[in-house]
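As structure tokens, the structure follows; a few thoughts come after it.
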Amino acid sequence: MLLKRFLCLAIALFVLLLLAPAGAHAQPSDWRERRTERFAILYVDGDAATAEQYAGFVDAVYDEISAVFGHQTAVPVTLRLYPTLERYQQINPLARSLTGVVAHADFQLHEVVVILSQTARQTPEEVQNNVRHELTHIVIAELSGNRLNVGFQEGIAQYVERPAPELEQRIRLLQRAYDQQILMPWSDLDDRDTVYGAPEVGYPESMSVVGFLVEKYSFAKLREFLTIAARSSGYRSALERTYGVAPDELERQWRDWLPSYLAGGYKRNALSAYDLSGAEALIAQGRYADAQTELGMYNEAVATLQTMIDMRPDLSSFSRISYARELHGDMDGAVEMMQAAVQAGGPATENSAWVRVQLGNLFFSRGDLAAAERQYNGTLELLPDYVYAQAGLAHVRAAQGKTDEAISLYQQAIARMPLPEFVIGLGELYQASGKPADAAKQYDLVRAMQQLFNANGVDTDLELALFDADHGADAGATVALARAAYARRPSIKAADTLAWALFKAGKLPEARRYADEALRLKTQDASMLFHAGMIAQAQGDTAAARERLDAALALNPHFSPLFAPQARQALATLSAAASR
């Protein structure tokens, strides 16, 4: 029974290539149609109730897969529900000898097929997984230019499925292959006949390969691998270009990692932990670039934003382009676009105030205190008591050494809107001013606020992990929190936070890897450069430490009242050591 289920999985792409030409055009004329927002569900008389059941979940599956990959395939997608295997085989005569097929995807016809009689013993989650699995084939075929090999196609399609009884069956098969030493070399996963000829090994193994790449290098990297595959000569070239590691070394790492996966690691799935609600909501609003940025898909976001600004040059598009340029280290371009957003204005005063504050923040991040002050003051003239402008001005006053005025501005902002970032800023200012008791009160308030947010379902793991790493919480718990946040939102900010948490826990090699990832876009962020410099110093890499700490202070010598002095002290220590 289990082997038959794996055969049905293997048939998915086999049918796509061999059966689609025979079955695609000779369809019966008695199909009925049930439309949803995303799908055209085709069914025959007698299956209207079943079609209605599918209509109840397929759009949610579509939005989920769109959020996972940051890509919307064209709608409507056809979902064809064959009532029986016999009916399916009438239309697809080449499938008559294959009794295990449950579903298949046709990339060219933009169609997902499900054979209802074959799903009778499946759980509701497994029924939904059929659609997840096959829709994923269509999406990743589009992203990879249909150049992804069968092993990665099936591995990724299995990885996006929700946990169901079939997962445990696959792990048992993988354990057996591992024990019998019959695992395939990765090169075999490139061969369709080999994978389909031994699906009881090829399928669970391909799932584990994808699990390894996601756990060790992030889902965002896997998503990048898809688009690189479209421009590569083969999977080995795409792997090396994406991960910066030779494929043979990746395979060795996977074999070393596999026992931990079999021992229970398979239950960790980044997508099960992924907070997709934010990306799904952004997609529903048509904010595709924001969704891509949320998921760490920066190159795709830039392409989407360029289309957006070509079609609609306004406050919204200019400000998003500014943020994209800031992420890519183009600070002059970021300022230019945010100035365009300010000039474009908006229908609401608060929108204009928000972009003015963002422009002030850009000036502050470059150490231009005078320009930042002008923007914050200008915003307060436009919208008095605007808390984000008050907090921005507090940053400026602290950098100018006007500590009492900075404290007063923070207190005014907190009184109106007690956001954690304001309370943390005030606490760090107290700490830097030699007032540890006052700082401790603010930090206790932050932790209480985080508990309140968590109790109400607000995800603040990333912010809390950075706060805990900065302020001496349990190192192991902080790393776990940062890992969870990174798994849900693999952005450069999340990579930076995880790097800092790992550094505080003494895990230097891994901290360095994530610090390098955080700077991969050449983002000009003084705090991120400070973190990377301190990690390099701890590793004994004095050249990298000096380069990054120098860059942080050159960019903004006042980036933090607490950590800028630490950066200067670290540089002094490095200089003293070099002069001996």
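The values are calculated or read from the model by the stated rules, or taken from the named source; none is laboratory data. The model shown is predicted, which means the values in this text are computed figures rather than measured ones. Positions of Cβ are generated from backbone atoms using ideal geometry, with glycine treated the same way; all protein chains shown enter the neighbour counts. Accessible surface areas use protein heavy atoms only, side chains included; no ligands, DNA or RNA. Shrake-Rupley method; radii C 1.70, N 1.55, O 1.52, S 1.80 Å.
At-a-glance table
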read-out: Matching strands (runs of 3 or more DSSP E) fully within the range 1-90 where at least 3 residues are buried (at least 20 other Cβ atoms within 10 Å of the Cβ) and at pLDDT 85 or above; value: 39-43, 77-82
read-out: Pair list, Cβ < 6 Å and 6+ apart or interchain, from the range 449-469 residues that are over 17 Å from residue 486 (Cα atoms) to residues that are in a helix (DSSP H, G or I) and modelled with pLDDT of 75 or more; value: 449/420; 450/464
read-out: Of the criteria (1) free of Cβ contacts under 8 Å to residues at least 60 places away in the same chain; (2) open to solvent by less than 10 Å² (accessible area, probe 1.4 Å), which one residue 556 fails; value: (1)
read-out: Given (1) part of a helix (DSSP H, G or I); (2) within 27 Å of residue 71 (Cα to Cα), number of the condition residue 231 does not satisfy; value: (1)
read-out: Selection count, the range 378-419, where residues are surrounded by fewer than 22 Cβ atoms within 10 Å (Cβ to Cβ) and part of a loop (DSSP other than H, G, I, E, B); value: 9
read-out: Residue check, residue 533 buried (at least 24 other Cβ atoms within 10 Å of the Cβ), in contact (Cβ under 8 Å) with a residue 24 or more places away in the chain and either of a type outside the set (D, E, K, R) or over 21 Å from residue 575 (Cα atoms) (or both); value: yes
read-out: Total residues in the range 367-395, condition closer than 15 Å to residue 411 by Cα and not hydroxyl-bearing (Ser, Thr, Tyr); value: 9
read-out: Test result for residue 102, β-branched (Val, Ile, Thr), out of contact with any His (no Cβ under 8 Å at 6 or more places or on another chain) and modelled with pLDDT under 95; value: yes
read-out: The range 144-182, residues that are open to solvent by less than 30 Å² (accessible area, probe 1.4 Å), over 16 Å from residue 126 (Cβ atoms) and free of Cβ contacts under 8 Å to residues at least 40 places away in the same chain; value: 177
read-out: Sole exception among (1) assigned to a helix (DSSP H, G or I); (2) within 19 Å of residue 206 (Cα to Cα) for residue 161, by number; value: (1)
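Table: residues versus (1) open to solvent by 10 Å² or more (accessible area, probe 1.4 Å); (2) in a helix (DSSP H, G or I); (3) out of contact with any Gly (no Cβ under 9 Å at 6 or more places or on another chain).
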{"position": "203", "(1), (2), (3)": "no, yes, no"}
{"position": "208", "(1), (2), (3)": "no, yes, no"}
{"position": "212", "(1), (2), (3)": "no, yes, yes"}
{"position": "239", "(1), (2), (3)": "no, yes, yes"}
{"position": "245", "(1), (2), (3)": "yes, no, yes"}
